Amino acid sequence: MIVIDTPAGINFAHLLALRGALKLESLGMRRRGQSALAVFKRHYNPKCRTAKAAVVEIEAMIQSAREAA
């Protein structure tokens, strides 16, 4: 079992979960409640307008977080 107990680890796990949801949304999958793009925009204030563009931006954020660790 993996335990993520640091704030940085929790933020990184949140980025990974959002990346997966954005990839599925860009392929056309829908979900109840707020879209993953809306959640991503609310938390990170990106400069993208579509889920496909958000996937590219979140990949860059994940890559920079991996390099920082």
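Worth pointing out:
- Residue identified as part of a helix (DSSP H, G or I) and open to solvent by 90 Å² or more (accessible area, probe 1.4 Å) among Lys47, Lys52: Lys52
- Residue count, the stretch 15-35 (criterion: within 20 Å of Ala65 (Cα to Cα) and either of a type in the set (Phe, Trp, Tyr) or free of Cβ contacts under 8 Å to residues at least 24 places away in the same chain (or both)): 3
- Among the candidates Ile58, Ile2, Ile10, Ile62, residue that is of a type in the set (Val, Ile, Thr) and not in a helix (DSSP H, G or I): Ile2
- Scope the stretch 34-44; condition within 21 Å of Ile10 (Cβ to Cβ) and in a loop (DSSP other than H, G, I, E, B); matching residues: Gln34
- Among residues of the stretch 43-61 that are free of Cβ contacts under 8 Å to residues at least 60 places away in the same chain and among the basic types (Lys, Arg), those with a Cβ under 6 angstrom from a residue that is in a helix (DSSP H, G or I) and open to solvent by less than 100 Å² (accessible area, probe 1.4 Å), sequence gap 6+ or separate chain, pair up as Lys52/Ser26.
The values are calculated or read from the model by the stated rules, or taken from the named source; none is laboratory data. Nothing here was measured: the structure is a model prediction, and the numbers come from that model. Here Cβ is always computed from backbone atoms with ideal geometry, including for glycine, and neighbour counts include all displayed protein chains. Each accessible area value is taken on the protein alone, full model and side chains, heavy atoms only, with ligands, DNA and RNA left out. Shrake-Rupley method; radii C 1.70, N 1.55, O 1.52, S 1.80 Å.
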